[in-house]
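Novice: My questions will all concern the structure given below.
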Amino acid sequence: MLFQNALIENAGKAVDIRVSEGKFQEIAENIAPLPGEEIIDLHNRLVLPPFIESHVHLDTCLTAGDPVWNMSGTLFEGIECWSKRKDKLSREDIRERVHRVARMYAANGVQFIRTHVDVTDPSLTAMETMAELREELRDVMDIQIVAFPQEGILSYPNGKQLMRDAVKLGADCVGAIPHFEFTREYSVESLNFVMELAAENDLLVDVHCDEIDDEASRGLETLAARALEMQMFDRVTASHTTAMHSYNNAYVLRLMRLLKMSGINFVSNPLVNTHLQGRVDTYPKRRGITRVKELTEEGINVSFGHDDIFDPWYPMGNGNLRDVVFMGLHVCQMMGYEDIMNSYRFVTTKAARTLHLGEGYGIAPGRPASFVVMDAKNYYEALNYNAPVLASYKAGRKIAQSSPVERRALF
Ligand code: FE2
């Protein structure tokens with residue numbers, strides 16, 4: 001198969017891409033077609049590596065309003081709504097919703113998902129079901145599962161054992177929620193526990209870290225210190241870190257040195273945290289977002305995620321990471337020309353580093369021929385005009401397509 005006239009990652013000059021046996025074979029200008037080769041002219045459209053959802057909770061997705069809507073929009077009412085919905089949680093229910101949301105993601109060019117799955121449930125139903133779904137969807141969606149202790153590890157009955165059991169069920173990553181543990185001591189112990197668990201089982205780590213507006217919430221320094229001492233570096237990810245927004249600058253200056261030495265990744269969730277954080281403030285109200293701009297400027301890897309899709313905590317979300325990037329650029333004040341042009345990296349190459357996709361990702365000869373074609377010349381245009389993903393190819397096979405969108409004034 002020969003794709004002609006592709007503008008790869010905002011390149012100014014079009015190239016052709018030859019794909020065979022599921023891999024990129026050749027990328028160059030004016031490749032001569034082979035006899036009988038299928039030719040697809042992309043007409044100078046943007047080609048990107050596939051989009052990556054680096055942080056979502058698939059086990060709760062698509063449940064907003066069922067059985068009740070979150071009328072205040074707060075985290076606490078969200079928890080109440082979810083406790084009513086939890087009664088209906090079953091394998092079939094999870095399977096049906098995950099299949100539906102996977103198709104929504106696929107239609108928007110997403111091919112990789114890291115999902116957190118609540119393991120503070122003695123039956124581990126969601127964890128077991130998600131492990132099955134990961135296998136079932138493998139041809140169309142690569143799913144990484146984080147064993148996520150929503151209600152804590154030390155602060156939940158049998159929390160450590162549930163984490164160990166989730167690892168046996170096939171978790172790819174282990175998580176923690178230090179800011180939710182009863183005490184600071186529990187918080188530190190929970191982080192030590194998951195780092196050991198990950199090291200013993202050769203797993204990645206992704207912690208819901210300091211997702212609170214409390215400037216005293218400092219799980220991050222412990223996580224980064226362990227990542228450095230245990231030499232786990234970029235196998236470790238700190239998600240959310242919204243408390244960093246409220247840390248004093250003198251502390252951040254000191255912390256930044258450790259963060260750089262530790263090599264850990266960050267995931268920020270601009271839609272959900274803008275919506276949920278700052279709720280105890282009157283005015284001025286803090287933005288619920290970590291210091292993406294400063295971390296990025298220091299060369300630290302940060303990606304963006306949805307976090308929630310149409311559930312009790314976030315009443316919107318449609319699997320289109322464009323909205324995540326759009327909000328992220330606004331709230332992080334990263335609207336310079338280069339910032340906008342390169343912002344696709346928050347949901348592609350930067351997320352790939354977090355997920356440790358390595359050679360399995362990226363547009364280069366020898367790698368799986370996975371890419372998306374957007375109805376735009378570059379990402380600035382794609383972002384501004386909310387361009388559709390016209391085609392999504394995974395290992396050479398088309399798994400989703402859309403039509404160009406026409407919005408026309410009649411004068
Ligand atoms: Fe989350």
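Novice: Would you calculate the separation in nanometres between label points at residue 260 and residue 160, each defined as 7 Å from the Cα along the Cα-to-beta-carbon direction?
Specialist: Distance between label points: 3.7 nm.
Novice: Something else about it: Please report the spacing between the Cα centers of the range 314-357 and the range 358-411 in Å, no decimals.
Specialist: Here the answer is 15 Å between Cα centres.
Novice: Ok, one more. At 1.4 Å probe radius, can you tell me the per residue accessible area of the chain in Å²?
Specialist: Accessible area per residue, the chain: 43 Å².
Novice: So, with a 1.4 angstrom probe, what is the percent of accessible area on the chain that is carbon and sulfur?
Specialist: Carbon-and-sulfur percentage of accessible area, whole number: 51.
Novice: Tally Lys/Arg at +1 and Asp/Glu at -1 over every other residue whose Cβ is under 13 Å from the Cβ of residue 21; what's the total?
Specialist: The answer is +3.
Novice: Further question: Which order do 330, 275, 55 take when ranked by solvent-accessible area (1.4 Å probe, heavy atoms of all protein chains), largest first?
Specialist: Putting 330, 275, 55 in descending order of accessible area: 330, 275, 55.
Novice: Counting Lys and Arg as +1 and Asp and Glu as -1, each charge on the Cβ, what is the dipole of the range 51-360 about the Cα centre in debye, to the nearest 20?
Specialist: 560
Novice: In degrees, nearest 10, range 0 to 90: what is the angle between the Cα axis of helix 184-201 and the longest Cα principal axis of the chain?
Specialist: On a 0 to 90 degree scale, this one is about 50.
Novice: Could you tell me the convex hull volume per residue, in Å³, taken over the Cα atoms of the range 51-360?
Specialist: 126
Novice: Follow-up question, since we're still on this one. Can you give the accessible area of residue 334 in Å² (nearest 10), computed on protein heavy atoms with a 1.4 Å probe?
Specialist: 10
Novice: Where does each of 317-325, 130-138 land if you order them by average Cβ count within 10 Å, highest first?
Specialist: Ranking the peptides 317-325, 130-138 by packing returns 317-325, 130-138.
Novice: Give me the accessible area of residue 195, 1.4 Å probe, in Å² rounded to the nearest 10.
Specialist: 0
Novice: Moving on to the next point. If you keep only loop residues by DSSP, which GluC sites (Glu not before Pro) in the range 191-251 have at most 15 other Cβ atoms within 10 Å of their Cβ?
Specialist: Listed in order of number, the matching sites are 215.
Novice: Right, here's the next one. Label-point separation (nm) for residue 41 and residue 200, each offset 7 Å from Cα along Cα-to-Cβ?
Specialist: 6.2
Novice: Would you look at the GNM of the chain, springs on alpha carbons closer than 10 Å, and say which of 79, 153, 177 moves the most?
Specialist: 79
Novice: Separate question: Loop-only chymotrypsin sites (Phe, Trp or Tyr not before Pro) in the range 1-90, please: DSSP not H, G, I, E or B, and at most 14 other Cβ atoms within 10 Å.
Specialist: In loop regions of the range 1-90 (DSSP not H, G, I, E or B), the sparsely surrounded chymotrypsin sites (Phe, Trp or Tyr not before Pro) are 69.
Novice: Given the range 51-360, what percent of its DSSP beta bridges are antiparallel, to the nearest 5?
Specialist: 5
Novice: Probe radius 1.4 Å, ligands and nucleic acids left out: which of 363, 309, 39 has the largest accessible area, and how do the rest follow?
Specialist: Heavy-atom accessible area, descending, gives 39, 363, 309.
Novice: Against the longest principal axis of the chain, how steep is helix 219-229, in degrees 0 to 90 to the nearest 10, with axes from Cα atoms?
Specialist: Between helix and principal axis, roughly 70 degrees.
Novice: May I ask for the net charge around residue 262, where only other residues with Cβ less than 10 Å from the Cβ of residue 262 are counted and Lys, Arg are +1 while Asp, Glu are -1?
Specialist: Its environment carries a net charge of 0.
Novice: Okay, next question. I want to verify a result. In a Gaussian network model of the chain, Cα cutoff 10 Å, which of these has the top mean-square fluctuation: 83, 54, 239?
Specialist: Largest GNM mean-square fluctuation: 83.
Novice: To check you understand DSSP bridge types, tell me what percent of the beta bridges within the range 1-147 (both residues inside) are antiparallel, rounded to 5.
Specialist: 35
Novice: Same structure, new question: Using alpha carbons only, how many degrees (0 to 90, rounded to 10) separate the axis of helix 321-331 from the longest principal axis of the chain?
Specialist: Once rounded, one gets 60 degrees.
Novice: Something else: What does the helix-only formula give at 222 nm for the chain: each DSSP H stretch with n ≥ 4 adding -39500 (n - 2.57), the total divided by the residues, and the result rounded to the nearest 500 deg cm²/dmol?
Specialist: Per the formula, -9500 deg cm²/dmol.
The values are calculated or read from the model by the stated rules, or taken from the named source; none is laboratory data. What you see is a predicted model, and the numbers here were worked out from it, not measured in a lab. When we count neighbours, we look across all protein chains shown, and the Cβ atoms used for this are built from the backbone with ideal geometry, even at glycine. In case anyone asks, the SASA skips ligands and DNA or RNA and just uses the protein heavy atoms, side chains included. Shrake-Rupley method; radii C 1.70, N 1.55, O 1.52, S 1.80 Å.
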